[in-house]
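Some notes on the structure that comes next.
The values are calculated or read from the model by the stated rules, or taken from the named source; none is laboratory data. Here the structure is a predicted model, which is why all the values come from computation and not from measurement. Cβ atoms come from the backbone with ideal geometry, glycine included; neighbour counts cover every protein chain shown. Protein only, heavy atoms only, side chains kept; ligands, DNA and RNA dropped before computing areas. Shrake-Rupley method; radii C 1.70, N 1.55, O 1.52, S 1.80 Å.
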Amino acid sequence: MIMMGHFALLVFLAFASMQLLCIAADHDAAIFYDSFEEPFNGRWIVSDKDDYKGIWEHSKSEGHDDYGLLVTEKARKYAIVKELEEPVNLRDGTTVLQYEARFQNGLECGGAYLKYLRPQEAGWKPKEFDNGSPYSIMFGPDICGLTNKVHFILKQKNPKSGEYVEHHLIDPPRVPSDKLSHVYTAILKPDNEISILIDGEVKKKGNFLSAQDFDPPIIPAKTIPDPNEKKPEDWDDRVRIPDPNAVKPDDWDENAPMEIEDMEAVKPEGWLDDESEEIDDPEATKSEDWDDEEDGVWEAPKIDNPKCQTASGCGEWKRPMKRNPAFKGIWNPPLVDNPNYKGIWKPRDIPNPNYFELDKPYFDPIAAIGIEIWTMQEGILFDNILIAKDENVAESYRDTTWKPKFVVEKEKQKAEEEAAGSDDLGGFQKTVFDVLYKFADIPFLSKYKLQILDFIEKAEKQPNLTIGVLVSIVVVILTAIFMLIFSGKKQQPRVEKKTEVAADTSNDQGSSGEKPAEEEKEEEKENETGGAAPRQRRRDT
């Protein structure tokens, strides 16, 4: 047994040593790597430019003991740069750019991209690092307003014109919309393939030399429209024109109004000409502290005139307007085909003086890594920035540095969502109970009120019974409705033998044939007015 224990210990130590050797080997294989476990001061240089007032912090990632580079304030510009020991040549073999970014406060409006800068001979200094500092590649997430993308921009020099042009990857991936740590990877291969990975999963593939993958294309078009050619003055590109032979008809009246009074309209019966739609509130009284000199002459507030509620209308009656059958509007001649139409003009194509051919993009070497952003949110954390020449090295770093954190964050997020779901269920149950109490007060369910209340009380004491209680109450309501319909059908033959007026006024009764007092009062009002529709105000006629 002792021998077995020693053997197990040796196996464990061997395995741990292998892991350490692998990590060390990956670290040796990395051209550049910064885990930010140590303070960045002295290694990264913060820009002295006046515009960049944002404060960087060496801070732990929320919920972890792992450190990163943190954006601390919102609505600020930030700029910080790290020079590499030696420039990285992107034209030789595969190059992998990788780093982690976390929007700890969620996505609002902020960028978390990196700029891979050209050598300082291109005209920049670390202390003066800003938006104009020349870069070779810009890569990473950016979200604000309509912008939501993981940028990949190659800035390449045109060998003919000598100008640097930004070439944007078309249809880049979207930024994950959560508060978790994510790892962004760009793989540049010698066969001109570009792959963008998020959390180790390929989200976009393209080819540097394809016009469908970059805008503008890295290889310019062979021909361009002649910039010096202009459309001739006599060039007619109108497909249709007003008929020059058309004449406005003699009976066309352009001044006829669009609407006229409806002379056939008749003032409705019961219209109260001498009544206003609103009257002074007879119950309103001037408060004791009202001072006419300071507050002005007191006037009672207005209320709807109760006399108008049963009338067809109040105030001065005016005929409504109707569409004027004589209205035709401004006359315009009809359109006909243009006999002088020459087609859509465009300049002729000429050879593009800036055209060139490439077997692969011209990548300027990378001499530094910079973060230059203007963000409206704080809490953006950068971590584990890596440049490597081997995809496996990048994958190993993802597995050892990013994945353990992501698993913890994902589990925490899941627990929070489940807790929130439980709270939502509680809120749902409360809403259900409130509705059920209102059901219990419905007049035609009065016979079953005590039964329904008993069900609700049981459900409140045992929330897990809510669904069962709902089913029980639905059964009670359906039973009451059935009884109501069944009872109504039995009474119909007896009611139809009475006068038509009696038939008209006996609808909507409960199984007992009795109505609540409020319904009786409302029906009496309708009977007095002959079942008149709601009053119509003058402005509605």
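Give the accessible surface of the stretch 36-145 per residue, rounded to a whole number of Å², with probe radius 1.4 Å and ligands, DNA and RNA excluded.
44
Can you find, among ILE241, ALA256, PRO282, the residue sitting farthest towards the positive end of the charge dipole of the stretch 240-284, where Lys and Arg contribute +1 and Asp and Glu -1 at Cβ? Checked the options; the winner is ILE241. Here the Karplus relation 6.51 cos²θ - 1.76 cosθ + 1.60, evaluated at θ = phi - 60°, turns the backbone of the stretch 53-65 into coupling constants of 9, x, 9, 8, 10, 8, 9, 6, 5, 4, x, 10, 9 Hz, with x for every Gly and Pro. Spatially, the stretch 166-211 and the stretch 238-264 are offset by 61 Å when compared through their Cα centroids. Among the listed pairs LYS157/LYS389; LYS74/LYS189; LYS157/LYS205, those whose Cα-Cα separation exceeds 31 Å are LYS74/LYS189. Using the Cβ of ASP51 as centre and a radius below 12 Å, the other residues enclosed give a net charge of -1, where K and R count +1 and D and E count -1. FRET efficiency for the ALA29 to ASP226 pair, using the beta carbon distance and R₀ = 51 Å, is estimated at 0.45. Quick check: from the Cα gyration tensor, does the stretch 172-309 come out rounded (a/c under 1.5), prolate or oblate? Since a/c reaches 1.5 but b/c is at least a/b, the shape of the stretch 172-309 is classed as oblate.
Figure note: ILE187, ILE279, ILE31 ranked by solvent-accessible area, largest first, 1.4 Å probe, ligands and nucleic acids not counted: ILE31, ILE279, ILE187. A 1.4 Å probe run over the stretch 204-340, with the rest of the protein chains in place, finds 76 Å² accessible per residue.
Charged neighbours of GLU278, selected by a Cβ distance under 9 Å, balance to -2 (K, R count +1; D, E count -1).
Count Lys and Arg as plus one, Asp and Glu as minus one, and take only other residues whose Cβ is under 10 Å from that of TYR184; the net charge is then -1. Taking amide H as placed 1.01 Å from N in the peptide plane, HIS167 has its amide H under 5 Å from the amide H of LEU154, LYS155, GLN156, each at least 5 places away in sequence or on another chain.
By a 1.4 Å probe calculation restricted to protein chains, LYS149 has an accessible surface near 70 Å², given to the nearest 10.
When the listed pairs LYS77/LYS414; LYS115/LYS405; LYS267/LYS328 are checked against a 27 Å cut-off, the alpha-carbon distance exceeds it for LYS77/LYS414; LYS267/LYS328.
Packing, taken as the mean count of other beta carbons within 10 Å per residue, orders the peptides 350-362, 165-177 from highest to lowest as 165-177, 350-362. With a ≥ b ≥ c the root eigenvalues of the C-alpha gyration tensor of the stretch 246-316, is it rounded (a/c under 1.5), prolate (a/b larger than b/c) or oblate? Taking the square roots of the gyration eigenvalues as a ≥ b ≥ c, the stretch 246-316 is oblate. Proximity of backbone amide H atoms, modeled 1.01 Å from N, is registered between ASP236 and LYS342 at under 5 Å, excluding neighbours fewer than 5 places apart on the same chain.
Between ASP251 and GLU264, the modelled labels are 2.0 nm apart [label points 7 Å from Cα along Cα→Cβ].
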